[in-house]
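Chemist: Dropping the structure in here first, questions after.
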Ligand code: NCD
Ligand code: ZN
């Protein structure tokens, strides 16, 4: 058998992305727009994007920067940050404005999540409206109680939040974002749903490529620290199985999350890996190592739009098996960001 040296696929979308705001947009948008046609834009700004009016304004700033950068053919898909006080009325506005869904951050779970939901019961009227209108709920699936071990937070979330929520709202469209454990992969794989496109999960490149040893390899590695935190090898293997299984419930979401170098290399470093630089190359490594390159296109380009009931893209892109060097750092407005794999190589690069 001859080794595959290039892959051409329908242009992918990124179903979970942080691009931040202001001066940073100019530096991160080109990386994503080079590879992806659309991306779900996370609303965890400071202050968070909690209303359709704020989402429209944020979309406007992203579009203005795309235009200023001469980028065409990239569409930001906006989301709203769910709070204890989001009125059910906002759900109808979301539908009308073409906002893609609501993001649930348990309060305190991750970067800029202090305005998040303190008790999901506070959101029941809004969730009821979302179920009725077919508006997806994107969940950061971790409990945040201090007494729960940080490596168990996702598994505990499944039992104490997700499963009861799905029982109360069986038709609510849910995306379990950036899953990191065998429990989550198996839960999503095995869950019974009445309809198609009710439950799905996104998986990041870092959780497919690394286990938790990568955070401590020869010393503390802040650039491999994200939330939910990397887990044991057995969990990584379960995620690779899920991503490469051809199951439409699993699709691509990078969770690329730029932070200034100084805020990562810090006595209290921020969570988030910057993968947008060559995310597709990272994912291609995963599918190649699993001998499933033939399933890469569906994971990257089909199952996401199918779940969100959006058309698949029609353009194609090509990746070559040509190693790409990852810079030690990349400019980020007044500062720099250290990308994942900085100073090393990624086995696949996008054809220019
Ligand atoms: C994200 C960020 O920096 O905004 N960080 C991360 O580690 N993934 C927030 C998030 O998605 O949890
Ligand atoms: Zn995220």
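Chemist: Okay, helix-only estimate at 222 nm for the chain: each DSSP H run of n ≥ 4 adds -39500 (n - 2.57), divide by all residues, round to 500 deg cm²/dmol; what do you get?
Modeler: -8000 deg cm²/dmol
Chemist: Just want the ordering: 267, 301, from fewest to most Cβ atoms lying within 10 Å of their own Cβ.
Modeler: Least crowded to most crowded, the residues run 267, 301.
Chemist: Could you give the Stokes-Einstein D for region 30-79 in µm² per second, using the C-alpha Kirkwood radius, 4 °C, 1.567 mPa s?
Modeler: The calculation lands on 114 µm²/s.
Chemist: With a 10 Å Cβ neighbour count serving as the proxy for reagent exposure, in which order, fewest first, do 13, 306 appear?
Modeler: 306, 13
Chemist: Using 0.36 nm times the number of residues separating residue 322 and residue 352, minus their current alpha carbon distance, what extension gain do you get?
Modeler: Between residue 322 and residue 352, full extension yields 9.6 nm more.
Chemist: Taking the number of other C-beta atoms within 10 Å as the exposure measure, put 40, 179 in order starting with the fewest.
Modeler: Ordered by Cβ neighbours within 10 Å, fewest first: 40, 179.
Chemist: Run a plain Debye calculation on region 12-313 (Cα atoms as equal point scatterers, no solvent) and give log10 I(q)/I(0) at q = 0.07 Å⁻¹, rounded to two decimals, same order as the q list.
Modeler: After summing over all Cα pairs, the log10 values are -0.23.
Chemist: Compute the separation of the alpha-carbon centres of region 303-352 and region 89-127 and state it in Å as a whole number.
Modeler: Here the two parts' Cα centres lie 29 Å apart.
Chemist: While we're looking at this one, here's another question. Region 1-54 to region 152-167: how many Å between their Cα centroids?
Modeler: 28
Chemist: Additional query: Quick one: among 238, 57, 33, which has the greatest mean-square fluctuation in a GNM of the chain with alpha-carbon springs under 10 angstrom?
Modeler: Top of the fluctuation ranking is 57.
Chemist: Taking the highest mean first, how do the peptides 311-319, 117-125 order by number of other beta carbon atoms within 10 angstrom per residue?
Modeler: In descending order of packing, they fall as 117-125, 311-319.
Taken together, the values in this text are just the output of simple stated rules run on the coordinates, not laboratory data. Worth saying up front: this structure is predicted, and the values here are computed from it rather than measured. With ideal geometry, Cβ positions are generated from the backbone for all residues, glycine too; neighbour counts draw on all protein chains shown.
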